[in-house]
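Heads up: the structure comes next, in structure tokens.
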Amino acid sequence: MTVDVNAARDMARAYTAAWNSGDPENVAGFFAEDGEIIINRGDPWTGRSRIGEMAAGFFADVPDLSLTCDDFRLSGTHAVFVWTFTGHDAGTKNPLNVRGWEEWDLGEDLKVRESRGWFDAEEYARQVEGG
């Protein structure tokens, strides 16, 4: 199966908008019912409700989160969504500028079946602390 590149790019734009909406359910809606995301080899967040919890955690930590899609690549049903988010840490109020990416396995319906997300957690912690 091959996913249409234009439809996938549209989906990536809509996914970016979902993150910028501040609504965890908007983010979770881009995943299959039994979809999964793993961030930096951590524990998986499986199912839309758990993925919504993951997004809610980011929104709580960075209430003014603003996401941009920096690049998007597609090969068959595998996509790479490269992003930057900016905002301020809820606790320290320090500014954040974090870059990362997600590797997606997409279904025919353009729902994310599996996502492997990556960002530099040490750099994120340094920015939170203001270093």
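The values are calculated or read from the model by the stated rules, or taken from the named source; none is laboratory data. Just so it is clear, the structure is predicted and the values come from calculations on it, not from any experiment. All Cβ positions, glycine included, derive from the backbone under ideal geometry; neighbour counts span all protein chains shown.
Laid out as a table, the results:
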quantity	calculated
Some residue of region 4-21 being at pLDDT 95 or above and part of a loop (DSSP other than H, G, I, E, B)	no
Pair list, Cβ under 6 Å, 6 or more apart: region 1-28 residue farther than 18 Å from Ala60 by Cα, other residue of a type in the set (Gly, Ala, Ser) and loosely packed, with under 15 Cβ neighbours inside 10 Å	Thr2/Gly76
Some residue of region 32-40 being out of contact with any Lys or Arg (no Cβ under 9 Å at 6 or more places or on another chain) and under 18 Å from Gly107 (Cβ atoms)	no
Which listed residue is buried (at least 17 other Cβ atoms within 10 Å of the Cβ), closer than 19 Å to Ala8 by Cα and of a type in the set (Phe, Trp, Tyr), from Phe81, Phe58, Phe85	Phe81
Enumeration of residues in region 58-116 that are closer than 14 Å to Val128 by Cα and among the polar types (S, T, N, Q)	Thr86, Thr92, Asn94, Asn97
